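The structure appears right after this line, and notes come after that.
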Amino acid sequence: MARTAFEMLGEGETTAVFQLESDGMRRCLRGLKPTKVSDLIAIVALYRPGPMDNIPAFTAAKNGQTPVTFLHPVLKPIMEETYGICVYQDQVLMMVREIAGFTWGEADVLRKAMGKKIGSLMAEQQEKFRSRAREKGYNDELISALWETIRNRRQGRGSHCRVPAPRGHHRCPQRQPQCPRVHLGTTGSRDYRRRGTWRCRGRSGGPHHPVRPLRCEVRWRCSR
């Protein structure tokens, strides 16, 4: 029976698939067992120094090994897609808007402070966040926990996760033009394509053919 693309991804069959072919990423995919595009967007965003610390928690929550929890119910719409793990910088911006009533302009100032790691500006934003959140009735324990999440990102543990979900189709390595690589193992130079095809054939046992751009159709398919 033919395997689906997600089944192949979950088994680490990612030879020549951009951003997913390293040994470390294959291990992550075998543990994650992605079932939807948003899983792939998140794992690509997390797979870099700092954010990688969140991969075990993300994987466990996605696979039901640990319960998906939120610091406050109001955060569920913001973080449900990432199983309660704060993956994207966009989630932080939406969080401060929801909890502290920041405008988009004020949230962008916080984004700048996080990205540039400006200590004085972060301290100013912290005080604004705390006072605004108190005015909306949130307790100090929750406010401190939320700010700890923001502060960790500023220290580098999440500051690189900037793949916004609404634009994920532009960054996701599995968008349609690259789908054949999962099956054919072809990309890059001629020598790399040859080696990629050989590696795929060795694992699957089936014939593989190089991509022929002039024969491409609207929907990708394998030529017999």
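For the range 67-108, a tally of residues being hydroxyl-bearing (Ser, Thr, Tyr) and touching a residue at least 60 places away in the same chain (Cβ under 8 Å) returns 1. Consider the range 109-146 and keep the residues that are under 29 Å from the mean Cα position of the chain (by Cα) and polar (S, T, N, Q). The one that is surrounded by the most Cβ atoms within 10 Å (Cβ to Cβ) is GLN125. ILE43 falls short on exactly one of the conditions (1) in contact with a helix residue (DSSP H, G or I) (Cβ under 7 Å, 6 or more places away or on another chain); (2) over 19 Å from THR66 (Cβ atoms), and that condition is (2). All of (1) in a loop (DSSP other than H, G, I, E, B); (2) open to solvent by 60 Å² or more (accessible area, probe 1.4 Å); (3) within 29 Å of ALA133 (Cβ to Cβ); (4) not charged (D, E, K, R) hold for GLN19 with one exception: (3).
The helices (runs of 4 or more DSSP H) falling completely within the range 42-105 that include 3 or more residues that are buried (at least 17 other Cβ atoms within 10 Å of the Cβ) map to 55-62, 89-100.
Taking (1) touching a residue at least 24 places away in the same chain (Cβ under 8 Å); (2) out of contact with any Leu (no Cβ under 6 Å at 6 or more places or on another chain); (3) under 20 Å from TRP147 (Cα atoms) in turn, ASN54 satisfies each apart from (2).
The values are calculated or read from the model by the stated rules, or taken from the named source; none is laboratory data. Note that the structure is predicted; figures quoted are calculated from it, not measured. A quick note on method: Cβ atoms are made from the backbone with ideal geometry, for glycine too, and the neighbour counts reach across all protein chains shown. When the accessible area is computed, the model is the full protein with side chains, heavy atoms only, and any ligands, DNA or RNA have been set aside. Shrake-Rupley method; radii C 1.70, N 1.55, O 1.52, S 1.80 Å.
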